[in-house]
1. Which FRET efficiency value, to the nearest 0.05, is calculated for Asp59 and Glu13 with the Förster distance at 22 angstrom and r the Cβ-Cβ distance?
2. Using modelled amide H (1.01 Å from N, peptide plane; none on Pro or chain starts), what sits under 5 Å from the amide H of Met140, excluding residues fewer than 5 places away?
3. I need the phi-derived Karplus couplings for the stretch 97-102: 6.51 cos²θ - 1.76 cosθ + 1.60, θ = phi - 60°, integer Hz, Gly and Pro marked x.
4. Could you list Cys137, Cys26 in order of exposure, starting from the residue whose Cβ has the fewest other Cβ atoms within 10 Å?
5. List every residue whose amide H lies under 5 Å from the amide H of Thr135, counting only residues 5 or more places away in sequence or on a different chain, with H placed 1.01 Å from N in the peptide plane.
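FYI, it's all coordinate maths here, none of it is from the lab. Predicted, not measured: the structure shown is a model, and the values here were computed from it. Note: ideal-geometry Cβ built from the backbone for every residue, glycine included; neighbour counts use all protein chains shown.
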Amino acid sequence: MFKRILVPLDGSELAEKALQQALSLCPDTGEIVLLQVIRLPLPVMTPDVGMAMPVIAVDDMFDEAKAYLNEWVKALEDKGVRAKAVVVEGNNVADMIVDYAKEHDIALIIKTTHGRGGLSRLVFGSVAEGVLRQTPCPVMFIRADTDD
């Protein structure tokens with residue numbers, strides 16, 4: 001059993017599949033930390049305008065992420081599990097997950113993955129691979145194509 005489990009969520013049903021595993025591995029005295037990384041868009045260069053920054057309501061993004069995570073916190077607490085929601089901002093999702101794990105004594109990271117390979121992985125990158133290469137603790141990956 002793991003005292004503090006980190007579950008990165010992005011709002012997708014795929015990511016939420018990790019919660020069932022977290023529940024089964026979290027002891028009564030443990031805690032599940034739900035983490036969402038907010039990625040702000042980079043400035044855009046255009047020939048006519050020059051450098052343009054998309055107009056984004058950052059506070060709204062944080063509020064939406066926190067509300068989403070808090071729904072899961074409530075659901076976990078209803079099952080008798082301590083949980084908390086954390087929203088962070090960063091450009092590299094894998095780095096943010098690893099940094100949080102290092103700074104907050106995380107015992108296990110449970111994350112879903114698409115399991116992409118080849119060209120698809122090169123084009124889209126792999127958060128899972130980035131986490132695995134830098135992690136300070138064990139990581140459990142759940143493939144997208146599994147039912148449980």
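1. It comes to 0.25.
2. When sequence neighbours closer than 5 places are left aside, the close amide H contacts are Ile109, Ile110, Lys111.
3. 5, 5, 4, 5, 4, 5
4. If I rank by nearby Cβ atoms, fewest first, I get Cys137, Cys26.
5. Sorted by chain and number, the residues that satisfy this come to none at all.
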